Amino acid sequence: MFLEDGMRTAQYQTSHASQVARRAGALLDDGGRGRDAAYPGAMTETPPGGAGDDTDPGERAYSWGGAAGAATPDPDATQAMPAPQRRSADQPPVTRPEAEPTRLIPSWQQRSPAAQRPAVPPLPPPRLPPPSTAPYGATAAAKRPTRRRRWWLRIILALLLVWVLFLVAVPIWAWSQIARVNAQPSGSRPADQPGTTYLVVGSDSRAGLDAAQRRTLSTGGNAGNGRTDTIMLLHIGSGSPLLVSIPRDSLVAIPGHGTTKINAAFAYGGPKLLVQTIEQDTGVRIDDYVEIGFGGFVNLVDAVGGVRVCAQQAIKDPKAGLTGANAIQKGCQDVNGVQALGFARTRATFATSDIQRIQDQRQVIGAIGNKATSVWSVLNPVRYFRLASAGASSVRIGDNMSPLSLARFAWALAHVSGGAETTCTVPISDLAVHWDPTRAPQLFKLIQQDRTGDIPKSLCTSNGLAP
């Protein structure tokens, strides 16, 4: 279609140009005839020569439209332009032919917009909110609470930021307050084993306690390095965490001191000798060391606001400080730090003596862990700070222990207070606390291999005796 329009346009332009040329020629002819009639003999004479002009008169002869003396006009000679015809007053005006009106050239651009481009669907109307029917005063009043909410939102965000900084800063400060001790023995030790095994020691050392605190806790006089009322192995690996209690009266070989009660190793050589003794008798490598004293135990219980324990019988033990108002009643009850310490220390009232005591110790540790890891301990800034402060001031850890390892220890210890599958006692063959020569090595072998999930119930009982 565009090609046909272009061809028609070219043909029209050619025809129009021819017509204009013919009309121009006719006008020139008419003008020449009119000039000759109006000015006969005009410029037919030879222009006069000037003074000093030595040109031949014959060469100066010009022919201007039929002058006399020009025998043969030169077609290439310059011709004069026709002068406009002067008409007299009595002559009628010359009428010129009326010019043909200009025609519009057809073009594809003059087609309708609908033919040039495809139809575009109309845009949907804009979605505007409905007009408000409330008066101006009511609208202005409704916007004011929004500003108040934004103001309170800024305050809440600022408080949240301060709270997060507090949660991060307190553990960093507490870590800097923890005492450290070298618990890595020298000499031959078991090779590295999968998982991580912690040695948890509850010392009866009186160090750091004044006379009034000793009377309150019924600890007696200074016992030097003290002995260990609590000895536990906490293993964390590919399976469930496992907490194994070692009775303090267990008869084992202590390097350099013969066969005696295992808690004597701490009194003889402190943490290093105790670690060396346990590694030698169990074959389990001790990776980290954690020790807590009498005063620290009480502070932890008070920091979480007390714990709940369940006693199988009423307990009154002056040696453990459980007399008068601090005596333990039969059944479940909430106890403070002094009562919880006495409940974990007493053994005189039980027929199984030390065997029952280690079960009560695990109960108290589990109760502390449950409250320490509760949501309220994090949301309550007072408890959070008191718990971190008490923990930092009441424990000693091995100098090779990292913050991450300590955090894993605290979390695992708080979650192993459940049934027999996660807590047990070293297998023993009698109440004289001799380790079972068959079952005990089997249990230690599975711990060495990080196969705590494969430990059968026959090897993991609450009192250590065979089921």
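Anything in the range 303-329 that is touching a residue at least 60 places away in the same chain (Cβ under 8 Å) and surrounded by 17 or more Cβ atoms within 10 Å (Cβ to Cβ)? List them, or say none.
Applying the first criterion (touching a residue at least 60 places away in the same chain (Cβ under 8 Å)) to the range 303-329 yields 303-305, 307, 318-321.
Correct list: 303, 304, 307, 320, 321.
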- Item | Cβ-Cβ under 6 Å pairs, at least 6 apart or on other chains, the range 422-437 side over 17 Å from residue 253 (Cα atoms), far side open to solvent by 60 Å² or more (accessible area, probe 1.4 Å) and polar (S, T, N, Q) | 422/240
- Unique residue being surrounded by fewer than 17 Cβ atoms within 10 Å (Cβ to Cβ), on the phi < 0 side of the Ramachandran plot and touching a His at 6+ places or on another chain (Cβ under 9 Å) when the list is 242, 251: 251
- Message: Residues that are under 35 Å from the mean Cα position of the chain (by Cα) and under 17 Å from residue 243 (Cβ atoms): does the range 429-450 have at least one?
- Response: yes
- Checking residue 346 against (1) modelled with pLDDT under 85; (2) open to solvent by 20 Å² or more (accessible area, probe 1.4 Å), which test does it fail? (2)
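Among the residues of the range 427-444, which ones are under 14 Å from residue 234 (Cα atoms) and in contact with a helix residue (DSSP H, G or I) (Cβ under 6 Å, 6 or more places away or on another chain)? Please lay out each step first, then the result.
The first filter runs over the range 427-444 and keeps only residues under 14 Å from residue 234 (Cα atoms), leaving 443-444.
The answer is 444, and nothing else.
Among the residues of the range 304-330, write down those that are β-branched (Val, Ile, Thr) and either under 37 Å from the mean Cα position of the chain (by Cα) or closer than 30 Å to residue 180 by Cβ (or both).
Here is the first cut: in the range 304-330, the residues β-branched (Val, Ile, Thr) are 304, 307, 309, 315, 323, 328.
Residues satisfying the conditions are 304, 307.
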- Being of a type in the set (Gly, Ala, Ser), open to solvent by 40 Å² or more (accessible area, probe 1.4 Å) and in contact with a Lys or Arg (Cβ under 9 Å, 6 or more places away or on another chain) is the filter here, so list the residues in the range 254-266 that pass it. none
- Message: When you scan the range 394-403, do you find a residue that is modelled with pLDDT of 85 or more, charged (D, E, K, R), in a helix (DSSP H, G or I) and open to solvent by 20 Å² or more (accessible area, probe 1.4 Å), even just one?
- Response: no
- Query: Quick one: which of 455, 447 is buried (at least 16 other Cβ atoms within 10 Å of the Cβ), touching a helix residue (DSSP H, G or I) at 6+ places or on another chain (Cβ under 6 Å) and β-branched (Val, Ile, Thr)?
  - Reply: 455
- Filter the range 417-462 for residues that are among the aliphatic types (A, V, I, L, M) and farther than 18 Å from residue 283 by Cα; which is modelled with the lowest pLDDT? 420
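The values are calculated or read from the model by the stated rules, or taken from the named source; none is laboratory data. Remember, predicted model here, so these are calculated numbers, not experimental data. Virtual Cβ from ideal backbone geometry, glycine too; neighbours counted across all protein chains shown. Accessible surface is based on the protein model in full, side chains and every heavy atom, while ligands, DNA and RNA are left aside. Shrake-Rupley method; radii C 1.70, N 1.55, O 1.52, S 1.80 Å.
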